[in-house]
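The values are calculated or read from the model by the stated rules, or taken from the named source; none is laboratory data. This one's a predicted model, so the numbers in the text were calculated from it and none came from an experiment. Cβ coordinates were reconstructed from backbone atoms using ideal geometry, including for glycine residues, and neighbour counts include every protein chain displayed. Heads up: the accessible areas ignore ligands, DNA and RNA and are worked out on the full protein's heavy atoms, side chains in. Shrake-Rupley method; radii C 1.70, N 1.55, O 1.52, S 1.80 Å.
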Amino acid sequence: MSDGPEYTVREAVFDLLRQLDIKVIFGNPGSTELPFFRSFPEDFRYVLGLQELVAVGMADGHAQAAHNAALVNLHSAAGVGHAMGGIFTAFKNCTPMIITAGQQARSMQPFDPFLHSAQATLLPQPYVKWSVEPARAEDVPQAIARAYYIAMMPPRGPVLVSIPADDWDRPATRISARKVSTAVMADTAMLCGIGAALQACARPAFVVGDAVDRDLAWDAMVALAERHQARVFASPMMGRCSFPEDHRLYAGVLPAAREGIVQALDGHDLVLVVGAPAFLNHIEGHGPVLPAGASLFQVVDDPTLAAWAPVGTAVVGSIRLCVEGLLQCPPPVIRSQPAVRPALSPASAPAGGRMSADYVMQVLHEVRSPDDIIVEEAPSSRPAMQRYLPITRSAGFFACSSGGLGFGMAAAVGLALAQNQGGQRRRVIAVIGDGSAMYAPQALWSAVQLKLPMTFIILRNGVYAAMHSFAGRFGFAPDDIPPGTLLPGLDYVLLAQGQGCDARRVSSAAQLRSALQEALASTVPLLLEIEIA
């Protein structure tokens, strides 16, 4: 297609998206977005979310799987407002995402029209890396190009471009995508200093976070841990798994509490934090942040994390390049292997009554393929998952790093869509709490419409169990039930069937294994509601 008077903003944007290899658009449309979709190109795919949070969640999962920015189209202030929980999670997940938001026509804006976004660029802040409403219609393609490069720069994240409805038919000039390196080199001297400290220490411990797996540094991280015989802990509240959890050096997940972190790291004289904060806490703590005699080193791709670390030396750069650089440093003196974590006792099937989350995770581990991808949003059952459902492959685990609910079911759909398109065919299993499932259940409809071979597991315990576990820390007596935390009368089988999704209820241990095997073999979305204690 040649440039000329008939070449419009719409055509320029679609041409740019082709060059950026973005051909799937997630969204929930409104009136101000309709001009964008007139004469929708046949080589693009529109994926509808029945609520904006679902659209953003699907885009989040798809972008993480594809290692490329996803495009989400939302409706002015109301649509962006509905999506803010998902945008916050994408920001915390460091997910590259271009959000285009509809805006009323430029000629109407001086008169505060219906469905106008009065301060469109301020609405999503501070949870976007950049937001803009271009000054002229012809600037829209260049704004989207800039948004893409900003979204892809580490730490990656969402950006927003507000686009008036009458901009799409205006004349434009073709924009050519540029090659922009996103790998930031670290300070070589400081990296060598970390290498020297690793060589000289006696009992190193590594703490790995989301950015290791996000930056494709899984194998290099394993090699570095084996080289130094370092115990490896997972950072608290992780949204990705960055080290094989069946590895002899794996030491478990750090608690999100200062005193617990210090206790877990006790006995180590050097702590190397890679791709994670140092350290993320969920509850107030007191005292030292490190065991006595330990030194802290941190390698991150986010300057903000380096800035607020309370102690230690921090290096900012590409996680993969930094870890590979540390592998080039002189080897350590011979070290003895650290003690291996004691094996867990098997979880037993209940003689009667509901199953434990431990038992469900154990059976799921036995029947699923190690290549399957687990998406988790079951906060109270996550410890059981960490005990009995080890993640052993890169890109094998996804959760929300924000703590906000509504990510899991939608992100699982986006991940499954990317697997279906990319030819890898890794099955996606969403493990969702019954409370979490009610935040974005419309994702089931999208999964059905897309005909994705994926599994939804709803762990039904009838309460916001995470709230119960925290109640004691805030002065509740053991038998007190915080108000608003019981969930009676919900039927997830009927909820799924109402959206066209096949579903089963599992109420006993005798049913569990065969139900899981059926669900994992299904060629269409299938939901299991599993009743747990």
Flagged in the stretch 386-408 as open to solvent by 10 Å² or more (accessible area, probe 1.4 Å), in contact with a helix residue (DSSP H, G or I) (Cβ under 6 Å, 6 or more places away or on another chain) and over 21 Å from A59 (Cβ atoms), in numbering order, are Y388, S394
Can you find even one residue in the stretch 162-178 that is among the polar types (S, T, N, Q), touching a strand residue (DSSP E or B) at 6+ places or on another chain (Cβ under 6 Å) and outside any helix (DSSP H, G or I)? yes
Restricting the search to the stretch 180-201, which residues are within 25 Å of A339 (Cβ to Cβ), hydrophobic (A, V, I, L, M, F, W, C) and surrounded by fewer than 19 Cβ atoms within 10 Å (Cβ to Cβ)? A197, A200
Can you give me the number of residues within the stretch 133-148 that are open to solvent by 30 Å² or more (accessible area, probe 1.4 Å), over 28 Å from R320 (Cβ atoms), assigned to a helix (DSSP H, G or I) and without any contact (Cβ under 8 Å) to a residue 24 or more places away in the chain? 1
Go through the residues of the stretch 149-167 one by one and say whether even a single one is surrounded by fewer than 21 Cβ atoms within 10 Å (Cβ to Cβ) and of a type in the set (K, R). no
If only one of G285, G317, G275 is touching a residue at least 24 places away in the same chain (Cβ under 8 Å), buried (at least 18 other Cβ atoms within 10 Å of the Cβ) and either within 18 Å of G396 (Cβ to Cβ) or in contact with a helix residue (DSSP H, G or I) (Cβ under 7 Å, 6 or more places away or on another chain) (or both), which one is it? G275
Answer from A447, A466 - the residue that is at negative phi, modelled with pLDDT of 95 or more, part of a helix (DSSP H, G or I) and under 21 Å from the mean Cα position of the chain (by Cα): A447
How about the stretch 475-525: which of its residues are assigned to a loop (DSSP other than H, G, I, E, B) and in contact with a Ser or Thr (Cβ under 8 Å, 6 or more places away or on another chain)? S522, P525
Determine, yes or no, whether D479 is of a type outside the set (F, W, Y), at pLDDT 80 or above, open to solvent by 10 Å² or more (accessible area, probe 1.4 Å) and closer than 24 Å to M355 by Cα. no
So in the stretch 202-246, with the set limited to residues that are assigned to a helix (DSSP H, G or I), acidic (D, E) and open to solvent by less than 30 Å² (accessible area, probe 1.4 Å), which one is nearest to S402 (Cα to Cα)? D210
Could you please give the count of residues in the stretch 370-392 that are in a loop (DSSP other than H, G, I, E, B) and farther than 27 Å from V54 by Cβ? 3
